[in-house]
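Asker: Pasting a structure here, questions to come.
The values are calculated or read from the model by the stated rules, or taken from the named source; none is laboratory data. Quick caveat, the model's predicted, so the values are computed rather than measured. Glycine also receives a Cβ, built like all others from the backbone with ideal geometry; neighbour counts cover every protein chain displayed. Side chains included, ligands, DNA and RNA excluded: accessible areas come from the protein's heavy atoms. Shrake-Rupley method; radii C 1.70, N 1.55, O 1.52, S 1.80 Å.
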Amino acid sequence: MQRLAKKWQRAGTRIGLVPTMGYLHAGHLSLVQRARQAIGQRGVVVVSIYVNPTQFGPQEDFSRYPRDLKRDLKLCRDAGVDVVFTPGDGEMYPRWGEAPDEPAREDARPTSGFSTYVVEEKLSQGMEGAARPTHFRGVTTVVAKLFNLIQPEVAMFGQKDFQQAAIIKRMVADLNFPVRIVVAPTRREPDGLAMSSRNKYLVGDLRRQATILWCAIQMARATVKKSRTFPAVKLTAAVKKLVACEPDARLDYVEFFEPDTLAPVAEVRRGTQMALAVFVGRTRLVDNAQL
Ligand code: AMP
């Protein structure tokens, strides 16, 4: 991949990257479209598909995360993607001294031979970082690796993962990666549910209950519209109560914060960013929006 990227660069070909974990949906494809717009018809759009083990906690859904490479490749072809990069664990996290295609020992985690990580230390403390302690270390590390492998001029991220996009922007600024980060709006289903590969887990009535995240955002928006400022603690309590109305939904967190610094606010007003994580059955969903 790196050899190919260097060849493109020598030829003056512009490179746009869309990093994903696959099981693609219209949200991912909107990033592909924006990558194409950013680099032009003569540039190359690279989609990476890699379910990155280091960003999953031990109790999380790494092994059952939905995968369908054949379907993803067709979607990419139809969307005009030039290259799909689908590395394996042995390539991304080599076990030194072993051949990359050698099967891992039963007890070995895919990353047992890997020991260099990229860690952002401020923006990754709260919200997803608090709920999933090693998550962002895995994200920044794999994205740094993808930047080094694919050497893109521009890389696209979704607003759906607001904190992640903020952390990647900070990493790129702090470590001088020669990459422009573009953040694209969240694509939603007609009933407001943010598109996500994990929506596949929502069977039966859980799919309906999952709209509670969008309902909570709408409620917060209506509140801010009505009273110009509103105490964050009171709005937090209201969201908690709303989520509790659904039998299988459990609020993990809701936060109100400044979009630029991620600093929590005491008073919610127009322009405040809201983010929440909710378990619907066993599935953990996240969403966010500016109020
Ligand atoms: P994932 O495959 O979930 O790791 O997501 C890959 C990229 O797509 C990330 O930058 C996400 O923020 C972005 N993304 C995921 N869902 C959506 C969505 N509904 N709308 C826009 N972008 C999204």
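Asker: Remind me, relative contact order of the chain in percent, using alpha carbon pairs under 8 angstrom and six or more residues apart?
Answerer: The normalised contact order for the chain reaches 17 percent.
Asker: Kindly sort ARG282, ARG3 by accessible area of their heavy atoms, largest first, with the probe set to 1.4 Å.
Answerer: Sorted descending by solvent-accessible area, the residues read ARG3, ARG282.
Asker: Oh, and also: Straight-line reach from LYS225: which aspartates and glutamates have a Cα under 14 Å away, not including same-chain ones fewer than 8 places off?
Answerer: The qualifying aspartates and glutamates are GLU267.
Asker: Quick one: how many Å² of PHE56 are accessible to a 1.4 Å probe, rounded to 10?
Answerer: For PHE56, solvent-accessible area is about 10 Å².
Asker: Quote to one decimal, in nm, the extra length available between ASP191 and GLN290 on full extension: 0.36 nm per residue of separation minus the C-alpha distance between them.
Answerer: Here the answer is 33.8 nm.
Asker: Additional query: Might you work out the accessible area of ARG71 for me, using a 1.4 Å probe with all protein chains in place, and round it to the nearest 10 Å²?
Answerer: Here the residue's solvent-accessible area equals roughly 100 Å².
Asker: Ratio of the chain's C-alpha Rg to 2.2 N^0.38 Å, to two decimals?
Answerer: Computed over Cα atoms of the chain, the ratio equals 1.04.
Asker: How much accessible area does LEU242 have with a 1.4 Å probe, in Å² rounded to the nearest 10?
Answerer: 50 Å²
Asker: With an 8 Å Cα cut-off and a minimum separation of 6 or more residues, compute the relative contact order for region 197-290 in percent.
Answerer: It comes to 31 percent, rounded to a whole number.
Asker: Considering the dipole of region 1-140 built from charges on the beta carbon (Lys and Arg +1, Asp and Glu -1) around the Cα centre, which of HIS135, LEU4, PRO110 is farthest to its positive end?
Answerer: The listed residue farthest towards the positive side: LEU4.
Asker: Which whole number in µm²/s is D for region 21-176 by Stokes-Einstein, with the Kirkwood Rh taken over Cα pairs at 4 °C and 1.567 mPa s?
Answerer: After rounding, the answer is 77 µm²/s.
Asker: For region 152-198 and region 35-76, write down the distance between their C-alpha centroids in whole Å.
Answerer: Their Cα centres are 13 Å away from one another.
Asker: Taking 0.36 nm per residue of separation and subtracting the Cα-Cα distance, what length does fully extending GLN125 through GLU258 add?
Answerer: That works out to 46.4 nm of additional length.
Asker: Right, something else. About its Cα centre, how strong a charge dipole does region 2-184 have in debye, to the nearest 20, once Lys and Arg get +1 and Asp and Glu get -1 at the Cβ? Please list the in-between numbers first.
Answerer: On the way: 25 positive and 19 negative charges, 167 e Å.
Result for region 2-184 is approximately 800 debye, rounded to the nearest 20.
Asker: State, in angstrom, two size descriptors of region 200-255 derived from its alpha carbons: Rg to one decimal place and Dmax to the nearest whole number.
Answerer: 12.5, 39
Asker: Would you list PHE136, PHE230 from the most to the least accessible area, probe 1.4 Å?
Answerer: PHE230, PHE136
Asker: Could you report the chain's accessible area per residue, 1.4 Å probe, as an integer in Å²?
Answerer: So the chain comes to 52 Å² accessible per residue, rounded to a whole number.
Asker: Still on this structure: For the chain, which whole percent of the accessible surface, found with a 1.4 angstrom probe, sits on carbon and sulfur atoms?
Answerer: Result for the chain: 51 percent of the exposed heavy-atom area is carbon or sulfur.
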